[in-house]
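Notes to accompany the following structure.
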Amino acid sequence: MAKISINLATGSLQQEEIIVGIDLGTTNSLVAFINPDKNPQVINDTGKGLLVPSVVHFNAKGDALVGNEAKEFLITDPANTIFSVKRLLGRSYKDVASHQDTFSYKIIDDENDSLVKIKAGDKFYTPIELSAEILKELKARAEHALKTPVNRAVITVPAYFNDSQRQATRDAGRLAGLDVLRIVNEPTAASLAYGLGLDPNQQKTIAVYDLGGGTFDVSVLSIQNGIFEVLSTNGNTFLGGDDFDRSIVHYWIEKNKLDAAALAQDSGLMQSLRLKAEEAKKALSSQNLFNEQIGDIWCTLDKQTFEALIAPKVAETLNSCKQALTDSKLTVAEIDEVVLVGGSTRTPYVKAQVAEFFGRTPHDQINPDEVVALGAAIQADILAGNRSDILLLDVTPLSLGIETMGGLMDVIIPRNAKVPTKAGRQYTTSIDGQVNMKISVFQGERDLVQENRKLAEFDLKGIPAMPAGLPKVDINFMLNADGILTVQAIELRSGVKQEIDITPSYGLSDDTVEKMLIDSITHAKSDVAQRMLIEARSEGEQLAYTAERFIEKHGSFLTAEEIADTKTHIEALKQALAKAEKDEILKKADELNEFTRPFAERVMDVAVSSAMKGKSIDK
Ligand code: AMP
């Protein structure tokens with residue numbers, strides 16, 4: 001199968017082009033490459049440092065600024081400064097609702113299953129666009145430092161990322177003008193950086209312990225014949241070195257008998273304390289005592305006290321390790337190697353506890369902030385075919401997926417997935433009483449199916465008539481080693497099933513693949529814009545419909561004025577829909593949502609209290 005590199009400037013195949021490895025992190029991102037000495041190296045764009053804070057700031061004109069310069073706006077312009085985008089990537093509002101207060105910017109709460117959007121200024125951004133800004137900055141830094149165009153990359157994601165989070169990462173890469181050769185699991189990349197998995201005869205079980213600033217995860221991997229498999233993952237996406245800093249701040253507040261309530265109002269002093277706490281924590285990684293002052297506040301901390309403060313948090317991470325082992329049905333003794341990732345593993349107590357838990361010395365020689373990016377660069381080198389000792393597995397040259405609402409392509413097997421492979425996703429009907437579902441299979445990288453290659457189409461017939469949204473249709477793609485794709489659709493409630501075989505490579509030349517890839521990157525911007533418009537439209541239409549039904553059904557709970565105002569909002573939304581202006585639609589939808597939210601609560605309260613009354617009468 002094809003392995004293709006493209007030069008976007010000339011639109012032709014290129015041999016010796018650099019492929020970078022990118023660690024797109026929650027707090028920091030970095031980019032690495034294989035240097036002329038054949039060693040992985042993190043790219044340092046002169047004077048800008050190795051780590052690029054994953055922070056994006058938008059000014060009044062809507063221009064984006066990324067990295068350290070953007071980070072400064074976290075204090076002066078928090079509403080338009082976006083951090084931790086990775087937590088939102090490929091997630092719906094429902095997924096992140098419980099953590100809304102950890103973000104200082106506005107996350108649009110449509111209260112539905114669609115993917116989250118973020119508001120900055122008058123514009124609405126998807127996490128894909130925001131991540132693309134970070135990737136663009138990394139690409140620019142790499143190009144500046146290496147003095148060559150950089151168009152191809154391997155990007156890492158946490159092992160627990162689901163399909164839609166992986167697809168979102170790919171899309172972000174494409175939008176940044178990168179041909180994303182592969183999405184690699186972070187623990188796999190970290191293992192590769194330590195040379196684990198590079199010997200095809202090696203068979204090992206590895207635990208990767210990753211404790212960063214704000215997240216913790218542990219993964220158990222097995223490598224066999226050069227193939228990594230994730231056996232289990234566990235962790236806490238809201239646990240990390242920041243918690244250590246917070247514990248220290250609390251300790252100092254108590255020691256100095258400071259008024260916590262007054263302090264809470266003084267964000268400047270709190271920020272200084274937090275920074276000092278981080279400084280103390282880092283210092284205690286190499287010394288036994290930290291002793292400084294902020295004004296007349298004594299910021300003293302010895303190593304023993306620090307370790308006692310963080311012990312409960314560290315114990316929590318070890319519990320996750322225990323759970324990960326249970327889930328992978330392995331004992332500690334069966335783990336052959338332990339790899340440390342993330343800045344917080346520099347704390348000697350963390351290292352010692354991990355060593356004790358696994359009963360072996362973990363790999364910690366490589367800088368834990370860089371290890372993932374370095375491993376990604378090694379993976380990129382393997383994909384480039386530069387390591388003759390490593391077997392390159394067959395991969396699918398183009399993504400395979402189906403058509404969903406509004407003619408959008410929904411990728412089921414992404415390009416460059418190893419063959420054989422299988423993947424599936426669940427869909428439902430969009431019309432009440434729908435008994436047939438048309439399944440159209442496409443191949444390609446564009447967001448709209450009309451730009452991709454149609455491979456087949458069939459009808460799943462005999463779905464029992466149910467209200468829209470109730471049927472559960474599983475669509476499974478199985479691609480075997482001979483490149484034959486079996487597409488199977490099955491309605492789970494009734495068991496009705498339909499299946500076809502397709503040969504996606506039939507009639508597909510390397511030139512066609514190359515052209516399709518180039519097109520996908522040159523059209524990435526307009527494709528994403530179209531996709532967002534289609535998504536905004538379907539959300540807006542749905543919301544207008546629901547609001548109208550709500551007034552019909554629950555009008556008696558509202559005043560005449562409230563009804564009239566709701567109708568005005570609905571009308572405004574409909575006008576925006578007619579104009580097909582994405583930001584306008586989202587703005588009007590947001591306004592309608594905000595306006596009607598209290599009504600829904602009111603109806604709910606009445607329903608609850610009448611249910612309670614009903615209950616007491618029953619008694
Ligand atoms: P990461 O998210 O992997 O970049 O990790 C960042 C976290 O590592 C932050 O909480 C830092 O305070 C912490 N960190 C960085 N250097 C050290 C150090 N020398 N000792 C302990 N923690 C550190």
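A short reminder: the numbers here are calculations on the coordinates, not readings from a lab. It should be emphasised that the depicted structure is a prediction, and the values quoted were computed from it without experimental measurement. Note: ideal-geometry Cβ built from the backbone for every residue, glycine included; neighbour counts use all protein chains shown.
Details
- Theoretical FRET efficiency, 1/(1+(r/R0)^6), r = Cβ-Cβ of residue 238 and residue 302, R0 30 Å, to 0.05: 0.60
- Residue among 146, 563, 234 farthest towards the positive dipole end of the chain, charges placed on Cβ: 234
- Lysine pair count for segment 448-548 with Cα-Cα distance under 26 Å and sequence separation of 8 or more or different chains is 8.
- Ranked by the mean number of other Cβ atoms within 10 Å of their residues, highest first, the peptides 88-96, 559-567, 216-224, 321-329 come out as 216-224, 88-96, 321-329, 559-567.
- Contour excess over end-to-end distance, with Cα ends at residue 323 and residue 581 and 0.36 nm allotted per residue: 88.1 nm
- Alpha-carbon centroids, segment 161-207 and segment 333-408: separation in whole Å: 6
- Sequence-distant contacts, meaning Cα pairs under 8 Å at least 6 residues apart, place the relative contact order of segment 217-343 at 29 percent.
- Spacing of the two label points (7 Å from each Cα toward its C-beta) at residue 542 and residue 525, in nm: 3.0
- Separation of alpha-carbon centers, segment 495-519 and segment 39-61, rounded to whole Å: 38
- Length-normalised contact order for segment 241-308 - Cα pairs under 8 Å, 6+ apart - percent: 29
- Built amide H within the under 5 Å cut-off of residue 294, gap 5+: 299
- Taking a straight line from the alpha carbon of residue 61, these aspartates and glutamates sit under 20 Å away, with near neighbours fewer than eight places off in the same chain left out: 69, 72, 77, 122, 129, 133, 137, 581, 583, 584.
- Note on the chain: Rg/Rh from Cα positions, Kirkwood definition for Rh, rounded to two decimals, is 0.99.
- Options 225, 195, 215, ranked by Cα towards positive dipole end of segment 170-259, top entry (Cβ charges): 225
- Debye equation applied to the C-alpha atoms of segment 472-521, log10 I(q)/I(0) at 0.22 Å⁻¹: -0.82
- In angstrom, the C-alpha Rg and Dmax of segment 471-564 are 22.7, 66.
- Per-residue ³J(HN,Hα) for segment 88-104, Karplus 6.51 cos²θ - 1.76 cosθ + 1.60, θ = phi - 60°, Hz, x for Gly and Pro: 9, 4, x, 9, 9, 4, 4, 5, 10, 3, 5, 10, 3, 6, 7, 9, 8
- Over the chain: helical MRE at 222 nm, DSSP H runs n ≥ 4 each giving -39500 (n - 2.57), nearest 500: -13000 deg cm²/dmol
- Along principal axes, Cα extents of segment 426-488, largest first, whole Å: 38, 25, 16
- Centre-to-centre separation between the Cα atoms of segment 224-273 and those of segment 68-139: 21 Å.
- Positive end of the dipole of the chain (Cβ unit charges, origin at the Cα centre): among 128, 456, 489, the Cα lying farthest that way belongs to 489.
- Computed E for residue 458/residue 481 - FRET, C-beta separation, R0 22 angstrom, nearest 0.05: 0.35
- Inter-site label distance for residue 332 and residue 35 at 7 Å from Cα along Cβ, in nm: 3.9
- Coarse-grained scattering of segment 241-308 at q = 0.29 Å⁻¹, given as base-10 log I(q)/I(0) from a Debye sum over alpha-carbon atoms: -1.51
- Seen from all directions on average, segment 260-342 presents a Cα convex hull projection of 8.1 nm².
- Here is the tail figure for segment 400-516: Cα pairs spaced more than 17 Å apart come to 55 percent of all pairs.
- Entry note, the chain: relative contact order of 11 percent, from Cα contacts under 8 Å with a spacing of 6+ residues.
- Gain in span if fully extended, residue 405 to residue 162, counting 0.36 nm per residue against the direct Cα distance: 85.4 nm
- Loop-located chymotrypsin sites (Phe, Trp or Tyr not before Pro) across segment 230-292 with a Cβ neighbour count of 15 or fewer within 10 Å are 238, with loop assigned by DSSP.
- Taking all Cα-Cα distances within segment 30-188, those exceeding 27 Å account for 25%.
- Assuming charge only on the beta carbon of Lys and Arg (+1) and of Asp and Glu (-1), the dipole of the chain about its Cα centre is about 500 debye to the nearest 20.
- Sorted by Cβ density within 10 Å, fewest first, the residues 270, 516: 270, 516
- Remark: for residue pairs 94/322; 106/282; 276/322; 255/282; 48/147, the C-alpha separation exceeds 22 Å in 94/322; 106/282; 276/322.
- Each listed q (0.26 Å⁻¹) maps to a log10 I(q)/I(0) for segment 526-612 from the Debye sum over equal C-alpha point scatterers, namely -1.22.
- Net length gained if the chain between residue 229 and residue 355 were fully extended (0.36 nm per residue, minus Cα distance): 43.0 nm
- Total charge dipole magnitude, segment 400-516, about the Cα centre, Cβ charges on Lys, Arg, Asp, Glu only, Debye to nearest 20: 320
- Distance in nm between pseudo-label sites at residue 201 and residue 48 (7 Å out along the Cβ direction from Cα): 4.4
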